[in-house]
Amino acid sequence: MSDEFVVKSDPELWEKLGMDVARFSGMPPMLTNAYRNIFLSQQNRPERMAYFDDMVANIHTGRIQEIYDAKEGGKPVIGTFCVYVPEELVVAAGGICIGLCGGAQGSIADAEKILPRNICPMVKSAFGFKVGKICPYFQVVDLVYGETTCDAKKKTWELLDRYVPTHVMEIPQMKRERDKRLWVEEVKDFKVAVDRITGNETDFEAVAGGIRTINAKRAALQRLNALRHHTPSPISGRDMLIIQQIAFYDEPVRFTEKVHELCDELEKRVQDGVAIAPKETPRILVSGTPMALPNWKLHYIIESAGAVVVNEESCIGTRYYKDLIDEGAADMDQQLERLTERYMKIDCSCFTPNDDRIDQVIREFEASGAEGIIDYCLQFCHTYNIEAVKLREACEARGIPFMAIETDYSPDDMGQLQTRVEAFIEQIKG
Ligand code: BJ8
């Protein structure tokens, strides 16, 4: 399988999207090698991972062609950078919502020609993809919808607007009743912006359909995450991470179906005692900042050091799917209010106070059968970095082994991280 796997190329399609084709042509071979080494080298993977491997093989071709065709057919294609932007309303309008956060080192130099160097690598990577014209997803969107979460993001949107129409949703920083009122208004504005592309106003039924579709996707991911919590785990942390990353660019109905098919296989593996690693393998929960494609650095280090990742408390992880929207609304106003209530439960560190998140991490630690927590913070992400203080205290109070890591996308600190992770795993074993 490993040698057969190739990330495909389609220079003609990329040309149509206005990409820097010469430069981008080097990307698929690089991704092919990385994916073979990190994912396909694993032993005894579930067979149903084949669909997700295929999604990676088609990441720059087949899936882009689907989105391109939908756009040509008048469907809205919206790029987002945060799980606070409600994709249900894009799906309700018959459109496609794509997560555009950047997880690659290769686009950072493009960004640093314009942005300051000392900001979050996720923001720089995304911005660099657009500036360098080296991301087909960025090229295919009608518009992007940013948000006012952290400082790096909200100020970058002002510059990004020079390259692609950029709207901004104001996300409050507290969760009081008055913040909720503002938030509902922002959700309504988002709906108007999406509807403007189709020229039709989505009605109650359409919004209800969008909510059902995305609720079903989140419920499938909840089922999958609960299955991987089994000891020994039937699936690796790396494979779980790639599935959660694919959730941000695949077609949601098909994705949901494929996740359930994988869950059926995992149930069988659990019954038959088939696992990805022996029972005594140390189990790690990773918490903190999101890992956007193709950021697989920490999972690779942890699992290469002989542990298994059993949960991601992250926006590319449980924060994305732990809550569903109440489907019982009677009219559109109530529908948008219930939608907003669900989004208000997301416990991002950009909020203050945010103690719910600390409780949530501990709950997930207990539910996943983890034996230690590695808190992952992207460099210059002040809110997660500071919140790690409270998380450490909560872990110390409960005797939970805890380690905080701050890193970026460069390979420079790999050796140092490997040493620290290995020592942490030894501590857990001890
Ligand atoms: S809800 S975590 S997706 S804001 S890591 S760019 S916060 S400096 S990604 Fe996020 Fe929405 Fe919150 Fe989730 Fe800024 Fe921090 Fe970078 Fe971040």
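List of remarks:
- Selection count where residues are of a type outside the set (D, E, K, R) and more than 13 Å from the ligand (Cβ to nearest atom), scope segment 134-151: 10
- Residue 181 fulfils the conditions (1) outside any loop (DSSP other than H, G, I, E, B); (2) touching a residue at least 12 places away in the same chain (Cβ under 8 Å) except for a single criterion, (2).
- Within segment 48-97, being among the charged types (D, E, K, R) and assigned to a loop (DSSP other than H, G, I, E, B) holds for 48, 75.
- Whichever residue in segment 107-154 is of a type in the set (S, T, N, Q) and farther than 30 Å from residue 69 by Cβ and, among such residues, is nearest to the chain's Cα centre (by Cα): 149
- Every residue from segment 256-306 that is of a type in the set (Ser, Thr, Tyr), surrounded by 23 or more Cβ atoms within 10 Å (Cβ to Cβ) and either farther than 21 Å from residue 366 by Cα or touching a Leu at 6+ places or on another chain (Cβ under 6 Å) (or both): 289
- On inspection, residue 343 passes the criterion of being within 22 Å of the chain's Cα centre (by Cα), assigned to a helix (DSSP H, G or I) and within 12 Å of the ligand (Cβ to nearest atom).
- Single residue of segment 356-381 satisfying the filter (in a helix (DSSP H, G or I) and within 16 Å of the ligand (Cβ to nearest atom)) that is surrounded by the fewest Cβ atoms within 10 Å (Cβ to Cβ): 356
- Applying a threshold of 6 Å to beta carbon distances and a minimum spacing of six or more residues, or different chains, the list of pairs starting in segment 341-357 at a residue that is more than 14 Å from residue 187 (Cβ to Cβ) and ending at one that is near the ligand (Cβ under 9 Å from one of its atoms) and assigned to a loop (DSSP other than H, G, I, E, B) reads 350/149; 350/150; 354/347; 356/347; 357/347.
- Residue identified as closer than 25 Å to residue 56 by Cα and surrounded by fewer than 24 Cβ atoms within 10 Å (Cβ to Cβ) among 134, 119: 134
- Verdict on residue 410 being away from the ligand (no atom under 14 Å from the Cβ), surrounded by 22 or more Cβ atoms within 10 Å (Cβ to Cβ) and more than 23 Å from residue 179 (Cα to Cα): no
- Boolean, residue 399 is more than 14 Å from the ligand (Cβ to nearest atom), exposed (fewer than 15 other Cβ atoms within 10 Å of the Cβ) and modelled with pLDDT under 95: no
- Residue match in segment 27-47 (condition: more than 16 Å from the ligand (Cβ to nearest atom), surrounded by fewer than 22 Cβ atoms within 10 Å (Cβ to Cβ), of a type in the set (Ser, Thr, Tyr) and not in a loop (DSSP other than H, G, I, E, B)): yes
- Any hit, segment 311-326, residues being of a type in the set (Asp, Glu), surrounded by 21 or more Cβ atoms within 10 Å (Cβ to Cβ), in contact with an Asp or Glu (Cβ under 8 Å, 6 or more places away or on another chain) and not in a loop (DSSP other than H, G, I, E, B): yes
- From the list 226, 193, 247, 208, the one residue that fits, being at pLDDT 95 or above, under 26 Å from residue 62 (Cβ atoms) and not β-branched (Val, Ile, Thr), is 247.
- Pairs with Cβ under 7 Å, 6+ apart, first in segment 257-268 and within 17 Å of residue 237 (Cα to Cα), second surrounded by fewer than 21 Cβ atoms within 10 Å (Cβ to Cβ) and of a type outside the set (A, V, I, L, M, F, W, C): 262/46; 262/48; 263/223; 265/46; 265/47; 265/48; 266/46
- In segment 272-289, the condition of being farther than 30 Å from residue 123 by Cβ, touching a residue at least 40 places away in the same chain (Cβ under 8 Å), more than 16 Å from the ligand (Cβ to nearest atom) and in contact with a Phe, Trp or Tyr (Cβ under 7 Å, 6 or more places away or on another chain) is met by no residue.
- Here the condition is being touching a residue at least 12 places away in the same chain (Cβ under 8 Å), within 16 Å of the ligand (Cβ to nearest atom) and part of a loop (DSSP other than H, G, I, E, B); of 175, 154, it holds for 175 alone.
- Screening the candidates 119, 96, 108 for the property of being in contact (Cβ under 8 Å) with a residue 60 or more places away in the chain and touching a strand residue (DSSP E or B) at 6+ places or on another chain (Cβ under 6 Å) yields one hit, 96.
- Test for residue 103: is it outside any helix (DSSP H, G or I) and touching a Lys or Arg at 6+ places or on another chain (Cβ under 6 Å): no
- Being surrounded by 21 or more Cβ atoms within 10 Å (Cβ to Cβ), closer than 20 Å to residue 259 by Cβ and either among the hydroxyl-bearing types (Ser, Thr, Tyr) or out of contact with any helix residue (DSSP H, G or I) (no Cβ under 7 Å at 6 or more places or on another chain) (or both) is a condition met by at least one residue of segment 99-108.
The values are calculated or read from the model by the stated rules, or taken from the named source; none is laboratory data. Because the structure is a prediction, the values reported are computed rather than measured. Because the Cβ atoms are built from the backbone with ideal geometry, glycine has one as well, and the counts that use them run over all protein chains shown.
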